[in-house]
1. Give me a count of the residues in the stretch B:318-354 that are at pLDDT 95 or above and either over 30 Å from A:Q103 (Cβ atoms) or surrounded by 17 or more Cβ atoms within 10 Å (Cβ to Cβ) (or both).
2. Given the options A:S211, A:S135, name the one that is of a type outside the set (D, E), assigned by TED's automatic domain parsing to the domain that holds A:I246 and within 11 Å of the chain's Cα centre (by Cα).
3. So which residues in the stretch B:137-156 are assigned to a loop (DSSP other than H, G, I, E, B) and either surrounded by 24 or more Cβ atoms within 10 Å (Cβ to Cβ) or modelled with pLDDT under 95 (or both)?
4. Does B:E314 count as farther than 29 Å from B:E123 by Cα, out of contact with any His (no Cβ under 9 Å at 6 or more places or on another chain) and surrounded by 12 or more Cβ atoms within 10 Å (Cβ to Cβ)?
5. Would the stretch A:60-72 turn up any residue that is farther than 19 Å from B:G195 by Cα and either buried (at least 18 other Cβ atoms within 10 Å of the Cβ) or within 8 Å of chain B (Cβ to nearest Cβ) (or both)?
6. Going through the stretch A:267-326 one residue at a time, which ones are surrounded by fewer than 19 Cβ atoms within 10 Å (Cβ to Cβ) and among the acidic types (D, E)?
7. Can you find, within the stretch A:25-42, the residue that is nearest to A:N85 (Cα to Cα) among those that are within 14 Å of chain B (Cβ to nearest Cβ) and not acidic (D, E)?
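The values are calculated or read from the model by the stated rules, or taken from the named source; none is laboratory data. On a predicted model such as this, the values are computed, not experimentally measured, just so you know. Glycine gets a Cβ as well: all are built from the backbone with ideal geometry, and neighbour counts include every protein chain shown.
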Amino acid sequence: MPVISYREALNHAIREEMERDERVFLMGEEVGYYQGAYKVSQGLLQRFSERRVIDAPIAEMGFAGVGIGAAMVGLRPIIEFMTFNFSLVAIDQIVNNAAKIYQMSAGQFTIPMVFRGPGGPAVQVASQHSQALESFYSHVPGLKVAMPSTPYDAKGLLKSAVRDENPVIFIEGETLYNTTGEVPEDEYLVPLGQAEVKRQGQHVTLVAWSSMVPVCMAAAEKLAEDGIEAEVVDPRTLRPLDEATITASVQKTGRCVIVEVGWPMCGYGAEIAYRVQRECLDSLDAPIERVTSDDVPMPYAINLEREVIPQVGEVIAAVEKVLYLD
Amino acid sequence: MGKSSTQSQAPTPPPDTPQPAVPSSSSVQNRFEPEDDAPEPASKEELLPLYRQILAIRRMEEAAAKAYSQGKIGGFLHLIIGQEAVCVGAIGALRPEDYVVATYREHGHAYAKGVSSRAILAELHGKKTGAVKGLGGSMHIFDKQTNFLGGYGIVGGHVPIAAGAGFASKYRGDGRVTLCFFGEGSSTIGGFQEGIALAALWKLPVVFICENNLYSMGTPLYRSLAVEDVSMRALAHGMARDRFDGDDVIKVKRRIQIAVDRARETGEPTLVEVRTYRFRGHSMSDPGLYRTREEVDEWKRRDPLGIARRRLAEECGAGEDELRAVEDDVKQEIADAVRFAEESPAADQYLPYVTREA
């Protein structure tokens, strides 16, 4: 099976969906002639022309709304945010229009579109360019939220997102673009709302998505050296959430650590913790632990940034805590 | 048309209203000098249906106000009474396949696009038979069948959506035109600015229609805009523009037709400012204390309903019996719609409309 990067996997997904469906177009800042700020759209302008790969000026609220209007009347837009930080100036469009038009019109108008781009902390880009916004978007009924952690998932989930009848917030891991993995040449889809067990284990369940999956996988390898087998569950889609895969794992292991790169207050992990305690109370041998970024805007200096973002050591410490080894 | 010979006095704020500490530009006044151009000729065949629509919207809005005061309609209710000629004339310039995007003051626009008074009033009553099954209420009427793309409650937030519908028409080459309505209060917010900027840049077939009624809620024009003429914003984008009084439905239709034809033939958008006035408050909870009685009365002398009726009688040869027949017909239609709204079953479903699953 070919090994390609996360970035290439996304590119292939967009290319295949645009080839398959003439209604699909890509719009965003620098997606065309510049070939994408993160090069996800490399070559697409040449393949599909300016009609379907549209460079937008810096007007996120405007072009997010253009996508919504186009989706209402039957197109299937992919709107790229150069980074999800900039989606905040379009959040009225996403929350008040994209998420609600299906409901407000009593099902007459669907909004089949994807808002995609990188999110989560990058490296030394400081507070305004380094934050995780999935908890914001997962709060909103009418949206779906997908966050792939591997090239395989990136391609399969993005193709599903483009084909979905609803607005999908598709947050790519900014630090994952260069990671590589096996991706089949034949067409496949990863359905929205389906978690995957990325590593089997019987002693503790680690729940993580996007950039925290590699961190948890590394932590699990280290723990294995001491005979602790961690199971790593990646929900892949935060809304809708595949609760069953997570709770089945916790019922098996009896211990749960949720690792997220977002802030702790009202973070998505709190929702998972609530659901796990509700479904698994009798199986839990220890209180659920959460590992999150620190409750601060992201600092610039590399040493401070490392302190803020969850690292392998913190995951191991949390596992030791729920195993009463600390 | 609206060429009232009345010498209108510049409205002064009511005496108990505090004056702004910093007076705005003296060039911005809170009044419009009525235009005195000659009315465009119209046939009875053209004007009578438009008159009927204006009248039906007026009676529908009055019925809504009554039901609201009886507690049968809840939430916010923004009436368009006084402004009807703008939506009726503008939408009268469209084809059925064209799109309309409107604000939360959209009952008239929905009706003019073809949504029935039954569906509108039932929606206001929160009934299952309403335009959107009781999920949207007064501010969110949508109708796919008539290409009415909705009423939106966030000021200016719908302007990019209209640009998007225009984008889709250009993408597909389907020859459709989108009309986007908003008030002058929208012209300061980002959604408006970005929406028209993109429509101008990409040459999208959209006509942006500012229904300038002089007040963004309770704030008069001279305290909200540095430049009174909203259509001037088109200049910054190299966009065509127009500006005129909205009291005569024929005039509105003719002038909007020029912009619609431009959009259909060249793909170019237009920003139009139509000067109008709402006779009632911003919403039912607004007694309108920020306006003088004299100002409101002056505008009522330019009532679009009266102008259309007068023109029918004086210029189009419509007989009193003929006009009465239309009025009786409208009366029956609205009475039926009120009865339908009251007797319809309550809304009963909300769960199926969160996400669409295959």
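1. 24
2. Values: A:S135 fails: assigned by TED's automatic domain parsing to the domain that holds A:I246.
When all the criteria are applied, what remains is A:S211.
3. First, the residues of the stretch B:137-156 that are assigned to a loop (DSSP other than H, G, I, E, B): B:140-142, B:144-147, B:152-156.
Of everything in the stretch B:137-156, those that are assigned to a loop (DSSP other than H, G, I, E, B) and either surrounded by 24 or more Cβ atoms within 10 Å (Cβ to Cβ) or modelled with pLDDT under 95 (or both) turn out to be B:I141, B:F142, B:Y152, B:G156.
4. no
5. Here is the first cut: in the stretch A:60-72, the residues farther than 19 Å from B:G195 by Cα are none.
No - not one qualifying residue is present in the stretch A:60-72.
6. Once the filter is applied, which keeps residues that are surrounded by fewer than 19 Cβ atoms within 10 Å (Cβ to Cβ) and among the acidic types (D, E), the stretch A:267-326 yields A:E271, A:E279, A:D282, A:D285, A:D294, A:D295, A:E307, A:E314, A:E320, A:D326.
7. Narrowing the stretch A:25-42 to residues within 14 Å of chain B (Cβ to nearest Cβ): A:25-29, A:32.
When the remaining residues are screened for being not acidic (D, E), the result is A:25-28, A:32.
On the way: A:F25: 22, A:L26: 19, A:M27: 17, A:G28: 14, A:G32: 20 Å.
Applying the filter and picking the extreme gives A:G28.
Residue-by-condition table, conditions (1) of a type outside the set (A, V, I, L, M); (2) part of a loop (DSSP other than H, G, I, E, B); (3) modelled with pLDDT under 95:
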{"site": "B:I73", "(1), (2), (3)": "no, yes, no"}
{"site": "B:V100", "(1), (2), (3)": "no, no, no"}
{"site": "B:G108", "(1), (2), (3)": "yes, no, no"}
{"site": "B:E123", "(1), (2), (3)": "yes, no, no"}
{"site": "B:G130", "(1), (2), (3)": "yes, yes, no"}
{"site": "B:P160", "(1), (2), (3)": "yes, no, no"}
